[in-house]
Structure formats: C-alpha cells, structure tokens
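The structure under discussion appears below in the form of structure tokens.
Only the coordinates and a few stated rules stand behind these numbers; no lab work does. As the structure is a computational prediction, the values presented were derived from the model and not from experiment. All Cβ positions, even for glycine, are placed from backbone atoms using ideal geometry, and neighbour counts span all protein chains on display.
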Amino acid sequence: MFSEIFNHNLIEETVSKSLFVTQKDVAECLKKSVFSEHDLPILLSPSAENSLEILAQKSVAITRQRFGNTMQLFIPMYLSNECFNTCTYCGFSMEHKYQRKTLNDDEIRKEAMVLAKKGFKHILLLTGESPKHVSTDYLKNAITLIAPYFSSIGIEVQPLQEEDYRILINAGADKLTLYQETYHHESYLKYHTFGLKRNFNNRLDALEKGAIAGFYQINIGALLGLYDWRYEAFAMASHLNYLKKRYWNVKYAISFPRIQEMIGEFHQAYPITDKQLTQLITAFRLVYPDLGITLSTRESATFRDNIAPLGITTMSAESSTSPGGYTNGTHEEQFHISDNRNLNEIIEMLTLKNLDPVTKDWDLSLMS
Ligand code: SF4
C-alpha cells in the first residue's frame, strides 16, 4: 500500500531541491516538448514563476491536443452534514453546534430531479464523515435512487474498505474522490484533532482500495493552505505515480482546492497566490498530459475565467455545499463558494473562450 512507501524525507528533499533551481535550469527544461516527473521540481521552482507565460502556452497546447476544447461540467450534491470528526478548518466539524441533516429518500430524489432538469449529467455525491448516519448501505441506496437521472456518479465520502467500494460501484458509482487534505503527517495531526480521520495512513491508502475495487476514475487532491504547497504538490505527484504504475487502467484526475472562509476562526497558514496556483496547474499539465484537472467553485469567477483555458478539463458549476441546498437552502454549508454563476452563465463564459462545455462524455450504463 502507498502508506508503506510514502517517503516524507524524500518529499522534503525535493522541495529543497526545487528552491535552488536556477533561471538557466528552467530555460533548459522549457526547451523540451515532452516532460517527465523529474522535471516537476524545476517547473514548480520559484525561478519558474518568471516563465509562467511559457508554461501557460505549453499547457494550453498540450491540453488542446489531448482533450480538444472540451470542458466537462459537473455538480456536487451534499447528502449529509453529519460528521464525527474534528477538522479545524471545516464547517461540518463536529464541535459546531447546529441541527445536522441527512437527506431521506424523498429529499434525495427531489434534489436529483432538480439537478437533472438543469441539464447536469455528471454528479458528485458528498457527505461529512459519520458512518452511523452515512453507511455503505445508505450510500448504496442514494446511488440507486439517483442513477436513473445521471450518466456518471462520483462519490466523495469517508475512506471505505475495498468491499464497500465494490458495493457502491455495483450500485452505479464510477468516480472516487478523496483528498488527503495535507500529505504532511505532522500538520495532518494538528488539523485533525479528533475522530477516525486522525488515521493518516487509512486515508492515504483508501484511493488504492478504490482502484482495486474497480472505479473508472480516481481523483486525488490536497487542500492548499494547510501546509507548504510545494510539499503537497510533490507528495501528490508521488501518490499519482504510485497509482498510475500499479493501476494503469484507471483514469486519474487531480484537484488543487484552496481553502476558503469557513465557520470558525481558521486562517490559511500557508497561502498560495493566484500566480503560484497557475504555475501548479500548468506544471502538472506538462508532466501529466492525460491527467484530468478539476477546478471548483471555491475559486472566484475571475480566476476561473482566466485559468479555464490553460489546462483545466473539468469544472463544477452552480454548487451548493449544504445537504438539500438545491431544494431547501436552510441547512449549514461546509464552506462558502466564490463563483455563484449558474450553469448557463458558465456555459456562456466557456463558449466565449472557444471551449466546448459538455455535461456528458461518459455513460456507465453503456458499458457491458
Ligand atoms: S473535512 Fe470532512 S471529515 Fe473533516 S469535519 Fe469536514 S466533513 Fe468532517
């Protein structure tokens, strides 16, 4: 399992190496047309920030070559805000006292119908982490209820066992998203102070269990702002390389969510600027030409508009982060989104940028 080979010291060494990269190293590297994982410390170096224009141009060219002009659109749907963990940066953290909500069958169906009517075909189901309220059986039932309305169903829930993932795949789920939050173990324990989530290795190994169980797509990510972004980037690359090597038939995607204002007093300890995030996205595109890169509504409309053509392949739209948020907006949300535009406005923006927004590019029901 990945937790057995994850090497913190090696990641720290890579960060140090990256900090000493020179402008000359960057210029040499950018002469290439094909990049490898060994180029990542150069492309993510402080020196490479001055070559952002070239990085962006190369990233656009590779993205158009591999993905055409398409931009996959999806919508998140929260099933529950119950959580039995304390994560110091999250609105669902168990110490926040408010009435919790887990959607029942009728509410799940209603939300799904509203979203399907808006035109969404790809959906991501999210929950807090409370196995008591959101068990594998609950998730299986929710997936079965919404399956008739969508061509792709992703899940972003607590780490599960291989057998649980298999049950959810059989019910109709095809994509698994699970962010490590931070790959820096010491920081991880600092932010996750109570609950099952404190088990760092359990989270680290869950995606692999999902790959073994047979998910069509696996999405990795770290919540940027919890620790040094370069450390997270090299750790994600290490995770990705490991998974790609062993589970080569799985499709992979990555997200770089930046932490946003949430309930409580959390302040970003390790901010990452727009420029650095652009560097991160374009560098990953150069090194991993076929990787899906997802951009969420956590980011502002202006930033999303600017970055969309540079390497992004998937965007969320019209998101709500509370259970029942599309039919009954009264329950607590996990975090505030920044881009509040509706699906049609996002489609209009993408079209103006010569991108082809698609709400469906994959249909599980067509697989034999
Ligand atoms: S980040 Fe996830 S596990 Fe942590 S409090 Fe929020 S919903 Fe619960």
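What to note about this one:
- Alpha-carbon centroid distance for the pair the stretch 283-325 / the stretch 160-192, whole angstrom: 20
- Amide H contacts of L125 (H built 1.01 Å from N, in plane; Pro and chain starts excluded): M77, G154, I155, E156 sit under 5 Å, all sequence-distant by 5 or more or on other chains.
- Straight Cα distances below 27 angstrom link K17 to the lysines K31, K32, K58, K190, K244, K245, K275, with same-chain residues fewer than 8 positions distant left out.
- The label point for H336 and the one for T144, both projected 7 Å from the Cα toward the Cβ, are 4.1 nm apart.
- Computed from the alpha carbon atoms alone, the convex hull of the stretch 179-264 holds 102 Å³ per residue.
- Sequence-separation-based contact order of the chain, relative, with Cα cut under 8 Å and 6+ spacing, percent: 25
- 0 to 90° range, to nearest 10: angle between helix 343-352 axis and the chain longest Cα axis: 20
- Label-to-label distance, nm, for residues given as Q161 and D106 (7 Å Cα→Cβ offset): 3.5
- Kirkwood hydrodynamic radius of the chain, from inverse mean 1/r over distinct Cα pairs, in Å: 20.8
- In sequence order, calculated HN-Hα J values of the stretch 309-324 (Karplus, 6.51, -1.76, 1.60; Hz; x Gly/Pro): x, 8, x, 6, 10, 9, 9, 8, 9, 6, 6, 10, 10, 10, x, x
- Rounded to 0.05, the FRET efficiency of the K275 and I5 pair, given R0 = 51 Å and the Cβ-Cβ distance, is 0.95.
- Sites matching GluC sites (Glu not before Pro) across the stretch 75-128 that sit in DSSP coil, with at most 13 neighbouring C-beta atoms within 10 Å: E95
- The distance between label points at R66 and L352 comes to 2.8 nm (points 7 Å beyond Cα on the Cα→Cβ vector).
- A quarter of the convex hull surface defined by the alpha-carbon atoms of the stretch 286-364 gives 6.7 nm² as the mean projection.
- FRET efficiency for the pair N50 and Y242, taken as 1/(1 + (r/R0)^6) with r the Cβ-Cβ distance and R0 = 30 Å, rounds to 0.40.
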